[in-house]
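Step one of this worksheet: look at the structure below.
The values are calculated or read from the model by the stated rules, or taken from the named source; none is laboratory data. What you see is a predicted model, and the numbers here were worked out from it, not measured in a lab. Neighbour counts run over all protein chains shown; Cβ positions are idealised from the backbone, glycine included. When the accessible area is computed, the model is the full protein with side chains, heavy atoms only, and any ligands, DNA or RNA have been set aside. Shrake-Rupley method; radii C 1.70, N 1.55, O 1.52, S 1.80 Å.
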Amino acid sequence: MAAVRNGLLICSNFLLNSTKFATCEFQQIRNKYVGRWMKRDIKRRKMAEKYAEERLRLLAIKRNNILPLEIREEVNQQFDKIIPRQTALRQLTSRCVLTSRGHGVVLRWRLSRIMFRHLADYNKLSGVQRAIW
């Protein structure tokens, strides 16, 4: 039993001290949400999805010019009572999924310009290549 334990100990020490194993890059494990701004944006997206149908219906009635003014005003009051303001699409911010940065986001990959360039430099994005001329 002691021989097996010593063998495992030697093997584990070898793996820890091995230069080949130490230089191998492992991707950092992150939480589901990076920061407080990302948490707020995710919460707004869930609310926008929840109230999307009701918001669209009330907005169509509110903007309809054919309906009488009284009906539109009633719908406008209901709109303010029922639908939260955070469900508006203008409240949603496109954020980087890695860093939760809100500015300079490349929409197709949902990455900030900084992370996009870093990943493109090291060939981590498929179909993306540095411009050479």
Pop out the ³J(HN,Hα) list for the stretch 117-129 in order, Karplus 6.51 cos²θ - 1.76 cosθ + 1.60 with θ = phi - 60°, rounded to Hz; leave Gly and Pro as x. 5, 4, 5, 5, 5, 9, 6, 9, 10, 6, x, 10, 9
Reachable aspartates and glutamates, given that their alpha-carbon falls under 19 Å from the alpha-carbon of LYS62 and they are not under 8 places away in the same chain: GLU53, GLU54, GLU70, GLU73, GLU74, ASP80
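Tally Lys and Arg at +1 and Asp and Glu at -1 over the other residues with C-beta under 13 Å from the C-beta of ALA60: what net charge comes out? Please list the in-between numbers first.
On the way: positive: ARG55, ARG57, LYS62, ARG63, ARG72; negative: GLU53, GLU54.
Here the charged neighbours net out to +3.
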Heavy-atom accessible area with a 1.4 angstrom probe orders LYS43, LYS50, LYS62, most exposed first, as LYS50, LYS43, LYS62
